[in-house]
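The values are calculated or read from the model by the stated rules, or taken from the named source; none is laboratory data. The structure presented is a predicted model; accordingly, all values stated were derived computationally and were not measured. Cβ placement follows ideal geometry from the backbone for every residue including glycine, while neighbour counts extend to all protein chains displayed. The accessibility values were calculated without ligands, DNA or RNA, using every heavy atom of the protein model including side chains. Shrake-Rupley method; radii C 1.70, N 1.55, O 1.52, S 1.80 Å.
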Amino acid sequence: MADDDESRTNLLEKNEACPGCIIDQTKRQQQGVPYLHLSFIWLVSLCTALPISSLFPYLYFMIRDFGIAKQEEDIGFYAGFVGSSFMIGRALTSIFWGKLADRYGRKPIILIGTFSVIIFNTLFGLSTSFWLAVSFRFLLGCFNCLLGVIRAYASEVVSEEYNALSLSVVSTSRGIGLILGPAIGGYLAQPAEKYPNIFSQSSIFGRLPYFLPSLVISVYATGVFIACWWLPETLHTRCGIARGRLNDDESRGEGLDDQKIISKPSLLRNLPLMAIIIVYCVFSLQEIAYSEIFSLWAVSDRSYGGLSFSSQDVGQVLAISGLGLLLFQLLVYPPLKKALGLLVLIRLSAVLLIPLLSCYPYIALLSGMTLHLVINCASILKNALSISLVTGLFIMLNKAVPQNQRGAANGISMTAMSVFKSFGPAGGGALFSWAQKRQDASFLPGENLAP
């Protein structure tokens, strides 16, 4: 039996045509941190984060310039549909792309995802009407298959020793996306107005004031697309033994000589998993609605309870809070989790978010440097609490299922989360628009309604 195991191992090692076998052999020989693989994961994760986070600082002004809103209070209503269209597209296709990645490999799906950012993100920046913007965001969501696939890829391309590190790179890259994305959108939107010495009103960036941030992100996506041609594949696509049995056997801790077929328990009957996914979906709905409402609220006039910020001011706040999130992830969260425990930290974060968000209407009463200081501190604290909750839920989700079902479990959570997030921007925008029309209401006036 030992000779049989050795012969099969040698067969896998010698099968140079199978990319999965090659990666497995590389992992066995791996010494030190796999910086090259982590770099690929970081680049792709950032590529999927930038188009989402860069939109919010200038979305209010974009909808205003389209002229579809008959009055200023209706801008938030239409802005919500632009944000929701992306999530609807991703919810409809997440399972489809996941199945293709399991059948044809991770690399081709990652290439398709990065190429879709180049095309549809550029077209979104060139949009001249509300319906064009909604359509291109929807198509971007339909082809945005990167997040789920890169999470699976991150767990496969490195050895078990560096598995946690590779998955944390995905989260850290998202944190950096929360810094760079809003900064790109806030500082580069409407460049002819902000930098008239560089961009004239007659130039393409003057006629299409929201094209420049989309172009910058598309150029980055082009670089990622080119780099991903050298991305090593992790799926066993050309090895019958490995493709049919190796991954399942290793994930169950069984030897290759075990010929028994063990049926996998239904994930839908895993009550702890379903409970975690439900909590994650509800929080995701709140999080995307907050992102939508915060930007609309910040740029709204003070007569409507807003802050009268420019898109540049909003981008600055989001970038500073994103930097605070990155530092919190790297320096504060690990010892905090160790000291309090995972479940206590999740519950504490959820409880503290309620009074924090309730304080936002009173922040609008401030002005000058005090306003900027308080809103930045509140945003940093909000991001820190949110990432504590989300990270804890992901850890619990992965612990709720065996290793050979983690990809499917994360796929279900992605689909469910996208469905909930598709309602967030539209619901948040509609709520914000309604709140602006209730400024003088005696019960739940507008300034207290949206938070």
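With respect to (1) part of a helix (DSSP H, G or I); (2) open to solvent by less than 30 Å² (accessible area, probe 1.4 Å); (3) not aromatic (Phe, Trp, Tyr), the lone exception for ALA69 is condition (1).
Within the option set SER166, SER171, SER203, being modelled with pLDDT under 80, of a type in the set (S, T, N, Q) and open to solvent by less than 40 Å² (accessible area, probe 1.4 Å) holds for one residue only, SER166.
Looking across segment 344-381, the residues that are β-branched (Val, Ile, Thr) and in contact (Cβ under 8 Å) with a residue 12 or more places away in the chain come down to ILE346, ILE363, ILE375, ILE380.
If you check GLY80 against the conditions, is it crowded, with 21+ Cβ neighbours inside 10 Å, at pLDDT below 75 and of a type in the set (Gly, Ala, Ser)? Judged against the criteria, GLY80 is not a match. Of the residues making up segment 44-66, those that are surrounded by 22 or more Cβ atoms within 10 Å (Cβ to Cβ) and within 19 Å of GLN190 (Cα to Cα) number 13. Being at pLDDT 65 or above, part of a helix (DSSP H, G or I) and open to solvent by less than 20 Å² (accessible area, probe 1.4 Å) is the filter here; which residues of segment 391-436 pass it? Those that are at pLDDT 65 or above, part of a helix (DSSP H, G or I) and open to solvent by less than 20 Å² (accessible area, probe 1.4 Å): GLY392, LEU393, LEU397, ALA409, SER413, MET414, MET417, SER418, SER422. Just one of the listed residues (LEU353, LEU326, LEU373) is aliphatic (A, V, I, L, M) and more than 30 Å from PRO191 (Cβ to Cβ), namely LEU353.
For (1) in a helix (DSSP H, G or I); (2) more than 20 Å from LEU235 (Cβ to Cβ); (3) open to solvent by 20 Å² or more (accessible area, probe 1.4 Å); (4) modelled with pLDDT of 85 or more, each residue gets a yes or a no:
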position	(1), (2), (3), (4)
SER84	yes, yes, no, no
ILE95	yes, no, yes, no
ILE109	yes, no, no, yes
GLY113	yes, no, no, yes
VAL117	yes, yes, no, yes
PHE120	yes, yes, yes, yes
